[in-house]
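One structure below.
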Amino acid sequence: MLDKIAGALSNGIVGFVVVAAGMVSSATAADITAANVRTFETFAFYISARVHHAESVGVHVHRENRREHA
């Protein structure tokens, strides 16, 4: 179940990034500019880095709370 939720979340993020970069269904390879590719790469990198950072901070806080309650 957790893998399905993670898959849905990642597909939603990729969908957002693709639309923000202008890579919609009517676009062809010739329509994609260097700026669109840069937008896609930047969003894809920063969103995944932000999610990873949020997960690592959440795990750290959770571990600290477990030590205090033990």
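Each reported figure results from applying straightforward, stated rules to the coordinates on display, with no laboratory input. Just so it is clear, the structure is predicted and the values come from calculations on it, not from any experiment. Please note: Cβ atoms are built from the backbone with ideal geometry, for glycine as well, and neighbour counts cover all protein chains shown.
Exposure proxy shown here: for Val18, Val24, Val37, the number of other Cβ atoms within 10 Å sets the order, fewest to most, as Val24, Val37, Val18. Rounded to whole numbers, the Karplus 3J(HN,Hα) couplings from phi for segment 27-40 are 7, 9, 4, 6, 7, 7, 8, 4, 5, 5, 5, 4, 4, 4 Hz, using 6.51 cos²θ - 1.76 cosθ + 1.60 with θ = phi - 60°, and x at Gly and Pro.
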